[in-house]
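Participant: Let me begin by handing over the structure; questions about it come next.
The values are calculated or read from the model by the stated rules, or taken from the named source; none is laboratory data. Everything quoted here is computed from the prediction, not taken from an experiment. Quick reminder, even Gly has a Cβ in these numbers, built from the backbone with ideal geometry, and neighbours come from all protein chains shown.
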Amino acid sequence: MKWKVLINTSKSKCIHFRPSRQTRSNYKFNLGLEEIDTVESYKYLGVIFQEHCKFDNTANTLSTVARRAFGSVISKLYILKEFGFKTFMKLYEACVVPITDYGAAIWGYKSHNSLEMIENRAMRFLLGDHRFTSLLGMSGDSGSIPCTQRRRIKMFQLWNRLLSLDDDRLTKKVFENDFCCATSNKNWCADMKVLFEKLNLSDYYTNKLSININVVKSKMWTYVAESWHVKLSNSPKLRTYAVFKNEFKTENYLVFNLPRNERSILAQFRCGVLPLRVETGRFIGEKLEDRTCQMCAHNCIEDEKHFILSCSLYSDLRQYWFNEATSDLQSSQMQDNDRLIYLMNNLPRRCAKFLTRAFLRPRNKLFN
Ligand SMILES: [Zn+2]
């Protein structure tokens, strides 16, 4: 043997990588006199390679470990009681993301439910939302790139690295071969081709050029924000949210480090899941016009706008939190939508204070 290497035949396995519709080859491989077992999957450096070129097992294994790591982050935060957005993100990115994104440059193209669930759970925990909250609303408020897109950025980093390798490296040879077959086969380079096209960067792929990762990040951001806008315009449940939220970015109320309960109530209010009658009535099958506010004599639907702008049960709180700062808010010139936009975007801290106090006010005070 050229390199005089001793190979442990019991640890060496053989995989026939192929599309799922193709049957496995009967060809037998030998190392010396010993036959090598053919297996369905093989774990190499923590990544599980499956015979049909899927990475579900890798994602599921990583998600189990990441769930545990996230549990440990949560238990530490419970001790702190109050924590800010930046602290949370720092902990999440340091303790959980390295696990969920392990080796993602290889397998990160597809989204995996088990890993997305961890990301969603983290977002719910941060915003203090419950499980019925729209993911679209939560991702809009957190303004962070979804985990699948984050993993795809790692693929671009690997692309750059592969291009910089010497031509005699085995990895480079595999890459070149992959690149040649990418038009007819479904392989890593074919996935990269789609990614470059999605970001309008096809030239980099065709000419095999390395790319500045900041350009990728900024293009990815634009792509995410645009698809977020499209989804928002098609989401009837987030009608009110769409009135005041028109930019995909981290909301101020998260960065302000509000107390946890205030952040939670404001987030629920924004995403339209605060248990107002417009929402609770839906669960018991009430008609929309019957879901009127029972706390005041206005006889109108108890929705977000009524709650924050006009319900007379909270007039004193409204006066206290909004009046002095917003004389123009009270003027009859402003429409309800404009007033809501003004409050949500300019006075998030006051909104959180008002909503928390209003919502925690005994709501058994039925008007009669
Ligand atoms: Zn009312």
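Participant: Exactly one condition in (1) at pLDDT 90 or above; (2) out of contact with any Phe, Trp or Tyr (no Cβ under 8 Å at 6 or more places or on another chain); (3) surrounded by 15 or more Cβ atoms within 10 Å (Cβ to Cβ) is not met by Leu62; state its number.
Facilitator: It fails just one condition, (2).
Participant: Consider Cys53 carefully, then state whether it is surrounded by 14 or more Cβ atoms within 10 Å (Cβ to Cβ) and at positive phi. Full working, then the answer.
Facilitator: Details: surrounded by 14 or more Cβ atoms within 10 Å (Cβ to Cβ): yes; at positive phi: yes.
Answer is yes for this residue.
Participant: Got at least one residue in region 298-308 being more than 10 Å from the ligand (Cβ to nearest atom), without any contact (Cβ under 8 Å) to a residue 60 or more places away in the chain and either among the charged types (D, E, K, R) or within 22 Å of Tyr241 (Cα to Cα) (or both)?
Facilitator: Scanning region 298-308, I find at least one residue that is more than 10 Å from the ligand (Cβ to nearest atom), without any contact (Cβ under 8 Å) to a residue 60 or more places away in the chain and either among the charged types (D, E, K, R) or within 22 Å of Tyr241 (Cα to Cα) (or both), so the answer is yes.
Participant: Moving on. Against the condition part of a helix (DSSP H, G or I), at pLDDT below 95, aromatic (Phe, Trp, Tyr) and surrounded by 12 or more Cβ atoms within 10 Å (Cβ to Cβ), how does Phe196 come out, does it pass? Step through it out loud before you land on a result.
Facilitator: Details: part of a helix (DSSP H, G or I): yes; at pLDDT below 95: no; aromatic (Phe, Trp, Tyr): yes; surrounded by 12 or more Cβ atoms within 10 Å (Cβ to Cβ): yes.
When the stated conditions are applied, Phe196 does not pass them.
Participant: Of (1) more than 20 Å from the chain's Cα centre (by Cα); (2) modelled with pLDDT of 95 or more, Phe256 satisfies all except one. Which?
Facilitator: Here Phe256 clears every test but (2).
Participant: Just to be sure, is Ile265 more than 19 Å from Asp141 (Cβ to Cβ) and either over 18 Å from the mean Cα position of the chain (by Cα) or within 16 Å of the ligand (Cβ to nearest atom) (or both)?
Facilitator: Values: more than 19 Å from Asp141 (Cβ to Cβ): no; either over 18 Å from the mean Cα position of the chain (by Cα) or within 16 Å of the ligand (Cβ to nearest atom) (or both): yes.
So Ile265 fails the test.
Participant: Could you check region 345-360 and list, in sequence order, the residues that are of a type outside the set (A, V, I, L, M, F, W, C) and in contact (Cβ under 8 Å) with a residue 24 or more places away in the chain?
Facilitator: Looking only at region 345-360, we keep the residues that are of a type outside the set (A, V, I, L, M, F, W, C), and these are 345-346, 348-350, 353, 356-357.
If the condition is that a residue be of a type outside the set (A, V, I, L, M, F, W, C) and in contact (Cβ under 8 Å) with a residue 24 or more places away in the chain, then Asn345, Pro348, Arg349, Arg350, Lys353, Thr356, Arg357 are the ones that fit.
Participant: Identify all residues within region 67-101 that are surrounded by 18 or more Cβ atoms within 10 Å (Cβ to Cβ) and closer than 23 Å to Gln157 by Cα; write none if there are none.
Facilitator: The answer is Tyr92, Val96, Val97, Ile99, Thr100, Asp101.
Participant: Additional query: So in region 203-225, with the set limited to residues that are more than 16 Å from Arg151 (Cα to Cα) and among the small types (Gly, Ala, Ser), which one is farthest from the chain's Cα centre (by Cα)?
Facilitator: Only one residue tops the list, namely Ser210.
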